[in-house]
Amino acid sequence: MSGAADSARPGAGSSSGSGSFPPGSGQNPARVLVEQATYAYAATDRDAPEFTLGPISFEGDRREVISILGPNASGKSTMLKLLAGVLKPLSGRVQIDGSDASELDPRVRAQRVALVQQESALLFPLRVWEYVLQGRYPYGRRLRFQSAQDCRMAENALLQVGADDLRDRWMEQLSGGEKQRVILARSLAQEPALLLLDEPTQHLDIGGKVELLRRLRRLADENRFTVIVVTHELNLAAEFSDRIVLLHKGKCMRTGEPTEVYQRDLLEQVFQAPLEVHLSVTGKPRVLVRDPDIAAARPGWTIDPN
């Protein structure tokens with residue numbers, strides 16, 4: 001594992017969403033503020049909610065990587081859509097740099113927030129260069145060609161993710177890892193303050209997962225991004241994240257640094273599995289699955305859930 005996330009970072013630690021500053025106070029608000037935010041899905045407006053999320057409170061600052069964890073149907077992707085401004089909270093607030101995410105003008109929101117979803121289907125064949133240039137749409141005008149600035153930003157984005165050599169390839173010819181880097185480059189071309197990713201490691205092997213999380217860590221540090229990742233990778237999240245938001249059945253079970261959230265009883269309750277939590281040599285928690293049957297037959301055996 002990389003030691004890129006080993007050093008302490010300002011602002012890391014548990015958050016209850018109470019650290020915002022009023023306008024005109026002379027102090028910068030948190031990059032991301034989620035305060036008692038709720039949301040609910042229902043079949044119709046008259047039906048009882050089929051799923052309720054929240055209330056959830058946490059903050060995210062510049063140069064921070066935050067991982068949202070939880071089993072399937074916990075509300076992770078819904079939380080990401082609230083952060084992206086795609087959904088409006090029923091109550092509470094979700095703010096980006098002091099402005100309600102859902103109230104931002106779509107063009108302004110696209111300049112501040114980049115959302116990388118699980119699947120990004122292509123409507124027609126594109127080369128990598130054309131695909132990355134799409135990230136510049138929020139800065140352009142209709143019916144105009146890309147500017148020299150657009151080309152510089154797209155080229156820089158490809159360089160940052162190590163994909164400059166792919167610029168002339170067709171998107172459908174890329175491997176899973178190559179495609180993920182190019183999708184990330186398109187998001188970087190937007191020049192966002194907030195980068196949101198929904199299970200970005202889903203189709204990657206372990207080497208690709210580590211490379212992607214290491215790259216996100218470096219991008220956050222070098223570009224003052226706030227990076228928020230939805231993931232099932234417990235150990236990688238602990239290694240590379242400043243904060244964890246743990247969800248279960250729509251409820252926020254705990255937020256804080258990995259060592260504060262990774263408590264065996266809590267994780268076993270959320271993931272419904274026998275687990276062990278140890279500290280690695282880097283001081284980060286490491287989660288192992290302990291199978292009672294295997295443990296009885298072979299004492300000391302454990303299984304890495306990643």
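Restricting R31, R9 to residues that are of a type outside the set (A, V, I, L, M), surrounded by 14 or more Cβ atoms within 10 Å (Cβ to Cβ) and at pLDDT 50 or above narrows the list to R31.
Is it the case, given these coordinates, that V210 is in a helix (DSSP H, G or I), buried (at least 22 other Cβ atoms within 10 Å of the Cβ) and of a type in the set (V, I, T)? Give the derivation first.
Working: in a helix (DSSP H, G or I): yes; buried (at least 22 other Cβ atoms within 10 Å of the Cβ): no; of a type in the set (V, I, T): yes.
Considered against the rule, which asks whether it is in a helix (DSSP H, G or I), buried (at least 22 other Cβ atoms within 10 Å of the Cβ) and of a type in the set (V, I, T), V210 comes out as no.
Per the listing D205, D168, the residue uniquely among the acidic types (D, E) and under 28 Å from R63 (Cα atoms) is D205.
I206 meets the conditions (1) touching a Leu at 6+ places or on another chain (Cβ under 7 Å); (2) outside the structural domain of E130 (by TED's automatic domain parsing); (3) at pLDDT below 95 in every case but one. The failed one is (1).
Would the stretch 259-270 turn up any residue that is of a type in the set (A, V, I, L, M, F, W, C), surrounded by fewer than 18 Cβ atoms within 10 Å (Cβ to Cβ), modelled with pLDDT of 95 or more and more than 14 Å from the chain's Cα centre (by Cα)? Within the stretch 259-270 (the criterion being of a type in the set (A, V, I, L, M, F, W, C), surrounded by fewer than 18 Cβ atoms within 10 Å (Cβ to Cβ), modelled with pLDDT of 95 or more and more than 14 Å from the chain's Cα centre (by Cα)), the answer is yes, since at least one residue qualifies.
Considering (1) at pLDDT below 95; (2) surrounded by 14 or more Cβ atoms within 10 Å (Cβ to Cβ), the lone condition that S16 does not fulfil carries the number (2).
For the stretch 48-72, a residue qualifies if it is within 14 Å of E199 (Cβ to Cβ) and part of a loop (DSSP other than H, G, I, E, B), and the qualifying residues are G70, P71, N72.
Restricting S57, S102, S91, S77 to residues that are polar (S, T, N, Q) and touching a Lys or Arg at 6+ places or on another chain (Cβ under 9 Å) narrows the list to S102.
For beta carbons closer than 9 Å, sequence separation of 6+ or different chains, a first residue in the stretch 168-183 that is within 9 Å of V128 (Cα to Cα) and a second that is hydrophobic (A, V, I, L, M, F, W, C) and surrounded by fewer than 17 Cβ atoms within 10 Å (Cβ to Cβ), the qualifying pairs are W170/L126; M171/L122; M171/L126.
Say we look at the stretch 213-244 and pick out the residues that are among the basic types (K, R) and not in a loop (DSSP other than H, G, I, E, B); which of these is nearest to R181 (Cα to Cα)?
Restricting attention to the stretch 213-244, the residues satisfying the condition of being among the basic types (K, R) are 214-215, 217-218, 224, 243.
With not in a loop (DSSP other than H, G, I, E, B) added as a condition, the list becomes 214-215, 217-218, 243.
Working: R214: 12, R215: 10, R217: 14, R218: 14, R243: 24 Å.
The qualifying residue nearest to R181 (Cα to Cα) is R215.
Considering only residues that are at pLDDT 90 or above and in a loop (DSSP other than H, G, I, E, B), look in the stretch 99-124 and name the one that is surrounded by the most Cβ atoms within 10 Å (Cβ to Cβ).
Taking the stretch 99-124 and keeping what is at pLDDT 90 or above, we get 99-116.
With the extra rule that they be in a loop (DSSP other than H, G, I, E, B), the set shrinks to 104-105.
Working: L104: 18, D105: 9.
Looking at residues that are at pLDDT 90 or above and in a loop (DSSP other than H, G, I, E, B), I get L104.
Against the test of being under 15 Å from C252 (Cβ atoms), touching a His at 6+ places or on another chain (Cβ under 8 Å) and modelled with pLDDT of 95 or more, the options G70, G92 yield a single qualifying residue, G70.
Does L197 satisfy being in contact with a strand residue (DSSP E or B) (Cβ under 7 Å, 6 or more places away or on another chain), modelled with pLDDT of 95 or more and crowded, with 18+ Cβ neighbours inside 10 Å? Working first, answer last.
On the way: in contact with a strand residue (DSSP E or B) (Cβ under 7 Å, 6 or more places away or on another chain): yes; modelled with pLDDT of 95 or more: yes; crowded, with 18+ Cβ neighbours inside 10 Å: yes.
Against the criterion (in contact with a strand residue (DSSP E or B) (Cβ under 7 Å, 6 or more places away or on another chain), modelled with pLDDT of 95 or more and crowded, with 18+ Cβ neighbours inside 10 Å), L197 qualifies.
Within the stretch 245-267, the set of residues being more than 18 Å from N72 (Cβ to Cβ) and assigned to a strand (DSSP E or B) comprises R254, T255, G256.
The values are calculated or read from the model by the stated rules, or taken from the named source; none is laboratory data. All of these numbers come straight from a predicted model, not from anything done at the bench. A quick note on method: Cβ atoms are made from the backbone with ideal geometry, for glycine too, and the neighbour counts reach across all protein chains shown.
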